[in-house]
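Heads up: the structure comes next, in structure tokens.
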Amino acid sequence: MSDILRAAFQAYQSGDYARALGMIDTAGKTPAGRTQELSSLKGNTLIRLGRMLDAAEAFAAGSALPGPNAAMLAKFAIGLYSRAGARRRIVEFGARAVALNPGETALLYDYAAALFEEGRYHEAAAAAGGLDRANPQHFALMVNVLRLTGQFGRLSEELEAACARDPGDMLAAVSRMVVARETADFPLVEAHERALGATADPQRSALTDSEPSMVRLLWAGSDRACALPSADSIRLTALPAAPLRRPVSPEGTRLKIGYLSSDFHAHATMRLLEDVLALHDREAFDITLFCHTTPGQEAWQRQHMPADLVSGMVRVGALDDEAAAAEIAARGIDILVDLKGHTMGARLGVVKRSDAPVKVTWLGYPGTVMGAGLDYAITDRIVTPDAAIPFFEEKLCRLPDTYQPNGMLNRPLPKPVSRREAGLPEGAFVFASFNAIQKITPGAFALWCRILKAVPHAVFWVFAERNEARANLMRAFRMAGIEEERIVFTSGIPYAAHVARLPAADLGLDSFPYNGHTTTSDMLWAGLPLLTMRGHAFQARVSESLLAAAGIDGLLAHGPDDFVARAVALAASPDRIAALKATIEQNRFRAPLFDSERFTRHLESAYRLMADRARQGLAPTLLDIPALPPRPAAFSDRSRG
């Protein structure tokens, strides 16, 4: 041991960490001082000083130096990066650390998880192959990376094996059902729904407690069922209680609104939200975006988002929950609005830790976000009637018209394409479903088949990208007696082209219980009527809300038989279809659905009421926001093209 290292070690042992660090840094400036031993001492000294990230960097640097301890130092570095939530550093350093520590599954998990969280799914999938399948956390990550990389064959094999090893493994059982829904494997989906319907079965609560909240919405047809505990809410509830809240900014000053999301990129949420962000009253509101979007979207943000919001954007993706909450507090945010809810990529731990005076959920998740300590859920009177109130952990703030904004300032108007260009037969009546495949339940599918049997000249235009889903759907159609040539599959295309193709259909058919949301508003923007059915949960009432805000009557069925009867009647009435399409187009710039300025003023009224109550020391309560007077004329002069 060199004299300088010996002196630094003595200072460290005596608790004089600052002096020890000074000597270590001095020694490190010489070639002789750059050793693994000195790097190890530096890392441990920095830990004692509370500088965890700097300690991780010291260990990482030491792992690159000659000596026998490279693997150990790399392992220490990854552990500290993980504790600090520095996932981008894990991504940068992880491959080396894994190579130095073969068989260390805990370290491999940290690396694969960081890749996954950074959106590098294929690299995460490659790393996940070496995870410990007996570890529930490892298994869950492996399932997610295989799902998102489309490796459904391998995933199905893994899930089948896991269920065979342990029939009581709820994580494997729930994951198997998720895959079944994403591939339209109706026999498995029906088995899942039977298990969920068996209220006396002790495994039912184990299943519901283990499933993600978003999966719940695919089958739960009532507000009560949607409010059952889920894996997400149970995990959040276990986090430390929220701190005391800060006071709201004084009356007469600008109200500080913070939006927290990972969707500040070319995402459906931004298509809805972009006008609101542009139209917020900057004299009354100070808007800050807290962004945990995957890196690489900066150019898109500069091109498509308001310049003042991009320049002031606070990037919290590399921060842990506590540090991100501290950033929100440092900017004095009065109302923190989480735009994710229980969806992939959410940072609800940040929300729960935040001391913002008012905390709100809106737009990302159609239901109660239990466990996050939220004050309000922004909804409307259709998606959350009075009967829904007892099933929300938050107090409801119900906007007039609809809860869903719909950006129209930059949204492309449809330039309709021909049936031939859309891959559709010229003379047929075309029903269409563009909802995500996991929303297609056996019940909704059965209604579609009844309609197709009653309208033999019709074809069904179905959005389904995965080969597994297409094969399963086609098998189910054949078993129901529907000829293959009547089914036309389609895939995702750029948004402007998608809007242009939608008018080639005659009538959209909704899914149940999870309706189309942005899918429905896209259809209405394009001028395509959509038939829906009255539901009994938030996600099952969204299309009804959007149709009402678009001023469209006659497309809300009151039960399965009525849904089939209305679809069949509309298929037999080309004049009625033409009239509906004309009304939708006439209302595009007259009805509230696409009136972004009206929506923004309503939303701002809601924020003011929330802040006023908090300023007075009053607890959150049900808020019904009054509507502005109807527009006397069109709110935009944009024309087709």
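The values are calculated or read from the model by the stated rules, or taken from the named source; none is laboratory data. The model shown is predicted, which means the values in this text are computed figures rather than measured ones. Every residue, glycine as well, gets a Cβ built from its backbone with ideal geometry; the counts of neighbours run over all protein chains shown.
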- State which residue is farthest from Leu363 (Cα to Cα) when the search covers only the range 590-621 and only residues that are surrounded by fewer than 20 Cβ atoms within 10 Å (Cβ to Cβ) and of a type in the set (A, V, I, L, M, F, W, C). Leu618
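Residues are listed down the side, and each one gets a yes or a no for (1) buried (at least 16 other Cβ atoms within 10 Å of the Cβ); (2) closer than 30 Å to Ser175 by Cβ; (3) touching a Phe, Trp or Tyr at 6+ places or on another chain (Cβ under 6 Å):
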site	(1), (2), (3)
Pro390	no, no, no
Phe429	yes, no, no
Ala471	no, yes, no
Glu483	no, no, no
- Message: If Val488 meets every condition in (1) surrounded by fewer than 24 Cβ atoms within 10 Å (Cβ to Cβ); (2) in a helix (DSSP H, G or I); (3) among the β-branched types (Val, Ile, Thr); (4) touching a strand residue (DSSP E or B) at 6+ places or on another chain (Cβ under 8 Å) apart from one, which number is that one?
- Response: (2)
- Which pairs do you get when a residue that is touching a residue at least 24 places away in the same chain (Cβ under 8 Å), found in the range 58-84, comes within reach of a residue that is part of a helix (DSSP H, G or I) and of a type in the set (Asp, Glu), reach meaning Cβ atoms under 6 angstrom, with the pair 6+ apart or on two chains? Ile78/Asp110; Ser82/Asp110
- Query: From the list Asp281, Asp355, Asp308, which one is in a loop (DSSP other than H, G, I, E, B) and out of contact with any Asp or Glu (no Cβ under 9 Å at 6 or more places or on another chain)?
  - Reply: Asp355
- Message: Testing Arg246 on (1) assigned to a loop (DSSP other than H, G, I, E, B); (2) surrounded by fewer than 22 Cβ atoms within 10 Å (Cβ to Cβ); (3) assigned by TED's automatic domain parsing to the domain that holds Glu394, one condition comes back false. Which one is that?
- Response: (3)
- Can you tell me which residues in the range 53-90 are among the charged types (D, E, K, R) and closer than 21 Å to His292 by Cβ? Arg83, Arg87, Arg88, Arg89
- Message: Between Gly332, Gly345, Gly296, Gly317, which is of a type outside the set (Val, Ile, Thr), at pLDDT 95 or above, assigned to a loop (DSSP other than H, G, I, E, B) and in the same structural domain as Gly367 (by TED's automatic domain parsing)?
- Response: Gly332
- Could you tell me whether the range 102-112 includes any residue that is buried (at least 24 other Cβ atoms within 10 Å of the Cβ), in contact with a Phe, Trp or Tyr (Cβ under 8 Å, 6 or more places away or on another chain) and closer than 22 Å to Gly317 by Cα? no
- Query: When you go through Asp561, Asp624 one by one, which is the residue that is of a type in the set (D, E, K, R), touching a strand residue (DSSP E or B) at 6+ places or on another chain (Cβ under 9 Å) and either surrounded by fewer than 18 Cβ atoms within 10 Å (Cβ to Cβ) or farther than 26 Å from Phe512 by Cα (or both)?
  - Reply: Asp624
- Query: Could you say which residue among Leu141, Leu155 is of a type in the set (A, V, I, L, M), farther than 21 Å from Arg88 by Cα, assigned to a helix (DSSP H, G or I) and modelled with pLDDT of 90 or more?
  - Reply: Leu155
- Is one or more of the residues making up the range 110-120 over 18 Å from Leu53 (Cβ atoms), at pLDDT below 95 and outside any helix (DSSP H, G or I)? yes
- Message: Looking at the range 410-422, can you tell me whether even one residue there is in a loop (DSSP other than H, G, I, E, B), of a type in the set (Val, Ile, Thr) and surrounded by fewer than 17 Cβ atoms within 10 Å (Cβ to Cβ)?
- Response: yes
- Every listed condition ((1) in a helix (DSSP H, G or I); (2) on the phi > 0 side of the Ramachandran plot) holds for Ala97 save (2)
- For the range 512-525, state whether one or more residues are over 26 Å from Arg216 (Cα atoms) and more than 21 Å from the chain's Cα centre (by Cα). yes
- Note on the structure: Ile584 fails exactly one of (1) farther than 27 Å from Thr253 by Cβ; (2) not in a helix (DSSP H, G or I), namely (2)
- Can you pull out the helices (runs of 4 or more DSSP H) entirely within the range 511-574 that have at least 2 residues that are outside the structural domain of Ala387 (by TED's automatic domain parsing), more than 17 Å from Leu452 (Cβ to Cβ) and at pLDDT 95 or above? 518-526, 542-549
